[in-house]
Every structure is written in C-alpha cells, then in structure tokens.
Amino acid sequence: MAIQKYDLIVIGGGPGGYSAAIRGSQKGLKTILVEQETLGGTCLNRGCIPTKTLLHDTEFLTAVRNSYFLRGDMKINLQRIIERKNMVMEGSRGWVQNIITGNNIIYLQGEASFTNSNTIELKSVDGELKTLSASNIILATGATVHYGEGLQTDGESIWSTNDAIALKSIPRTLAVIGAGNRGVELAQIYQNLGSKVVIIEKEKNVLPKFDWDLASRYKKCLLDRKLNILIRSTLVSAIPVEGSGVVLKIETAKGKIEQKVEKVLLTGQRQPDYKSLNLKATGLSLKNRILDFDSNFETDQKGIYVIGDATGPPFLAHKAIQQGMYVIDHILGNTVSQQQIFCPNCVYGDPEVASVGLSEIEAEESGYDIKVGEFRFVGNGRSGSINNDTGLVTIISESDSKTVLGVQIIGPQATELISLACLVMQNGIDLNGIKKTVFSHPSLAESFFEAALNTDGEAIHLLNDN
Ligand SMILES: Cc1cc2nc3c(=O)[nH]c(=O)nc-3n(C[C@H](O)[C@H](O)[C@H](O)COP(=O)(O)OP(=O)(O)OC[C@H]3O[C@@H](n4cnc5c(N)ncnc54)[C@H](O)[C@@H]3O)c2cc1C
C-alpha cells in the first residue's frame, strides 16, 4: 500500500486538533486532519456548544416567567428547543468544515492507529485502509468519561451528559451527580425546563475546583434558585425501577439514605483514552495513565505531540486551542520563551462564575503581600438595566508591584468579563494600567475597572472604607 506523506498529521478533529491543523496549514505545512466521528469533537457535538445553546434558550424561558411586566405562563415546545440546538451545532460544524477546506487541509474520516512512530494506519468507516506518514504528529484525541465503581449509564433512567443534552424528556425529578462546571450547568438547564433538581456532590462544596469563598457564594445563589444540594454525599448505586424511575443509594455525611427520582444524570470523571491509537507500536510511555510530555507538549518520541483533553486536566476547549497553536509554533521553531499561560475556568448559567490566576488564599500561601479590590455589580449602572445585579468582581494584586495575581468574578457575563483579566495578566498590565483605561459606560466591564480602583480606596460608585 502506497504511503501518503505529509508534514503534519493531526489525529482528532475537536477544537485542539482542528485549531492545530488550521494553524499548521496557514504556516505552510502540508497537513492532514483525521477524525473518527464528527468534526468539532466533544466541544461542538457533545459539550460546550450544545450546553450553552440550551442554557441560553432555557434561561430565556426563566427570564420570561420571572418578568416584572409579562403575565401568563409559557408553553415549551421541546422539539423546537432541540431543533435550534441541532441547528447551532450544524452551523458550527459547517463553519469549521469550510475553514478546513478553505485552508487546503486534507480532512479524512476514520480511526487512526500507529504502525510505527511516524506512520499511521487510517481505517475508514467502510473498512478502507490508508497509510499516512509525517515527521510531526499531533495527538488531539480527547478524553472519555468514567463513572464510579458499579455505576453505568443506560440511556433510559440513568443518563450521561450526552443523554441530557439530547433532551430525551423533561423529568419531573432529576438527580445530578457531580457539582462541577458541567453538572451545575445541566442542573440549571433542567430546572429552567421545570424539573425539580437535586445536585449530589461528594466534596465539601459545589464547584470543588474553584476557590472556597467563590464556590460558597455560588452555592447560595443555587439555593436561592431553589435547587437542592447534597454535599459530602456519594452515590453508591442507582437501580432502575420496573415501570419508571430509579432508586439512588447515597452515602451522606449523616449516614446512608435512599431517594427515588425519575432520572439520574452521571457527569463522571474525564480521562485521556489512547486505546484506539495502538501506542505499543511507538514506544510512547505513560505517566499516571497520561502520555508523558514536556513543556512543548512533545512526548518522549521526537515529533509526536499531545494536546488538549488528551494531556489530562483541566478539560477545557480554550486550553486545547491554545496548546494546538503553540505546538505548531514550536514545530516551526518559533517557540516563545516559556511564559506562564493564564487559562480561565468558567461556569455558565445564572449566575456565571469565572476565575483566572491565584485566589486570595493561594496568593497568601504563595507568600505574596497582597491587596484585594472588590466591586459589587449592584453599584454598576448596566447591571440594573439588565435586571441582573447579583455578584461581584474581585482582583487580587501584589501590594508593591501592583501586579494582578488573580481575578474572580461571579455575576452577569462573568465568562465574558474574565477575558479582560486574562488580557491584563497575560500582558503584564498592572493595576495602574487598568485604572488609566477608559471603559465604556454603562457596561458590566466597568465593574472590573471599579474593582481595580477599589484596591486603593478609589472606586467611584462605592463608599470606600479603605
Ligand atoms: C457537557 C460538556 C460541556 C462542556 N462545556 C465546556 C465549556 O463550556 N467550555 C470549555 O472550555 N470546555 C467545555 N467542555 C470540555 C470541552 O468539550 C473539551 O475540553 C474539548 O472538547 C477538548 O478538546 P480536544 O480537541 O482536546 O478533544 P475533543 O474535543 O474531545 O476531540 C477529540 C476528538 O478525537 C477523536 N479521536 C479520538 N481518537 C481517535 C482516533 N484514534 N482516530 C481519529 N479520531 C480520534 C474523537 O472522536 C474526538 O472527536 C465541555 C465538555 C462537556 C462533556
């Protein structure tokens, strides 16, 4: 079989893989992108895009229901909600497909596996085999979900996130296992649709990967929304009941309880999965079940790189995109000196939560002498006009140098506003730099400006006490 030769093979068509392929081709590399399922990967087809579309549409419903001046309840057309979500996903996939084609990237569907460390065998869905080789291979193969021991989804009463996104039905009662980013987002989607939702989390707080205070504020918001939350509680078993529903056995801090719900959603733990790749043909080694790679994302085999979810946590699309672009620059010899990358963590819904860099506690524990500036959205003109003034912006900075060490936001459009913080931190703009910037008025972004001012007791729309 003839071997097709390329400069770059990218395995996996998610945000990490397609961004790397686009950047590679833009920079003149003869590039092939291979994907075993659907272009767009988890993000476009099962993750970021469908969940944010559903959140938007169901929040709209809640906003109408809670409106000060509209009267009468809304009737939901579930089929239309599903159709719009599908249209958004198709639109995004089509857009990416056009860019792939427009950049002269060869895109092939099929499962890739190594035959040696620079040769790949690609098996298409109809069984056709192709042999491809390249001096550079990027593995952007994502991660798969694992559930606790003895727990498994069945697509009926025990749902995966894919089942939940498919909106198979609106259950009267839903238990969401796991209060991480995805758990709380999906819980809100179903609550907006009218389900009575309980979130069950084994850690001591919701959003366990976030700062304790921020997570606690968030928990209060969820409780105010009448979401039930069981923390320090582990699902032991989920047994479907003849007829309908599922019985959950839960180990809580106060002992074992049983609860019957119509559906249970297992969010699970994501883990890189390289099974399909036949790594033994390469000599690549794993460390704690994750491919061993250096600061340039190059594995212990020269020319083989790994990016995105396949590198392990955090499992974030923007991390995958950034790493994909970085690797291409590295392949082309344009590696910028290893600077710290500020990668935000975001939760969508109402309220939104976003953070980047160090929390107050982390900064103190790292030995920094810090100052903290806060500004509550209640003092921001735009928040009132959009009827959403709960939450605040917190900026943690180093006292002497005025370097911004971290930013945390809870409130309206936190996931948009956090990019201001990323821009500032990535480019070394200090508090003075923020203070001398003109922010449009009225805008939520002014809360970021005011938090910077408040660090030194200079906020305008706040009675400063320092
Ligand atoms: C419900 C949910 C919501 C999410 N929301 C967000 C969010 O709001 N923001 C955010 O940043 N992240 C979010 N994520 C995470 C985000 O989707 C991932 O971090 C992101 O998709 C990772 O990109 P990737 O390119 O590394 O991998 P993926 O997007 O997983 O792509 C990997 C691709 O590789 C393909 N592949 C694997 N093996 C082979 C092989 N041998 N041959 C060919 N192809 C192969 C797979 O089919 C897959 O399409 C969410 C995830 C979920 C599940």
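The values are calculated or read from the model by the stated rules, or taken from the named source; none is laboratory data. Quantities reported herein were computed from a predicted structural model and do not represent experimental measurements. Cβ placement follows ideal geometry from the backbone for every residue including glycine, while neighbour counts extend to all protein chains displayed.
The residues listed here are I189, I138; of these, the one that is assigned to a helix (DSSP H, G or I) and within 12 Å of the ligand (Cβ to nearest atom) is I189. If only residues of segment 353-388 that are of a type in the set (F, W, Y) and over 25 Å from the mean Cα position of the chain (by Cα) are counted, the one that is farthest from A451 (Cα to Cα) is Y368. Determine, yes or no, whether L33 is more than 7 Å from the ligand (Cβ to nearest atom), assigned to a helix (DSSP H, G or I) and either in contact (Cβ under 8 Å) with a residue 40 or more places away in the chain or of a type in the set (A, V, I, L, M) (or both). Judged against the criteria, L33 is not a match. Would a scan of segment 102-114 turn up a residue that is touching a residue at least 40 places away in the same chain (Cβ under 8 Å), within 30 Å of T31 (Cβ to Cβ), surrounded by fewer than 22 Cβ atoms within 10 Å (Cβ to Cβ) and among the acidic types (D, E)? Checked segment 102-114: at least one residue is touching a residue at least 40 places away in the same chain (Cβ under 8 Å), within 30 Å of T31 (Cβ to Cβ), surrounded by fewer than 22 Cβ atoms within 10 Å (Cβ to Cβ) and among the acidic types (D, E). Applying the set (1) in contact with a helix residue (DSSP H, G or I) (Cβ under 6 Å, 6 or more places away or on another chain); (2) within 25 Å of D309 (Cβ to Cβ); (3) modelled with pLDDT under 95; (4) of a type outside the set (S, T, Y) to N118 leaves exactly one unmet item: (1).
Starting from segment 36-57, keep only residues that are closer than 23 Å to D273 by Cα and hydrophobic (A, V, I, L, M, F, W, C), then list their pairs with residues that are outside any helix (DSSP H, G or I) and near the ligand (Cβ under 8 Å from one of its atoms) whose Cβ atoms are within a distance under 6 Å, requiring at least 6 positions of separation or different chains. From residues that are closer than 23 Å to D273 by Cα and hydrophobic (A, V, I, L, M, F, W, C), the pairs are L39/G13; C43/G14. Checking segment 389-405 against the condition returns no match, with no residue being assigned to a loop (DSSP other than H, G, I, E, B), within 16 Å of the ligand (Cβ to nearest atom) and either in contact (Cβ under 8 Å) with a residue 60 or more places away in the chain or of a type in the set (F, W, Y) (or both). Within segment 104-131, being over 21 Å from N45 (Cβ atoms), in a loop (DSSP other than H, G, I, E, B) and of a type in the set (S, T, N, Q) holds for N104, S117, N118.
Does A179 satisfy the criteria of being part of a helix (DSSP H, G or I) and among the aliphatic types (A, V, I, L, M)? Against the criterion (part of a helix (DSSP H, G or I) and among the aliphatic types (A, V, I, L, M)), A179 does not qualify. In segment 251-277, the residue that is farthest from A175 (Cα to Cα) out of those that are in contact (Cβ under 8 Å) with a residue 12 or more places away in the chain and not in a strand (DSSP E or B) is L277. Scanning segment 134-153 for residues that are surrounded by fewer than 19 Cβ atoms within 10 Å (Cβ to Cβ), under 25 Å from G40 (Cα atoms) and not aromatic (F, W, Y) yields S135, T144, V145, H146. Of everything in segment 167-186 that is out of contact with any helix residue (DSSP H, G or I) (no Cβ under 8 Å at 6 or more places or on another chain) and within 13 Å of the ligand (Cβ to nearest atom), the residue that is nearest to T31 (Cα to Cα) is N181.
For segment 312-352, the tally of residues that are touching a Ser or Thr at 6+ places or on another chain (Cβ under 8 Å) and part of a loop (DSSP other than H, G, I, E, B) stands at 5. If you scan segment 37-54, which residues turn out to be in contact with a Cys (Cβ under 9 Å, 6 or more places away or on another chain) and buried (at least 23 other Cβ atoms within 10 Å of the Cβ)? Passing the criteria: only T42.
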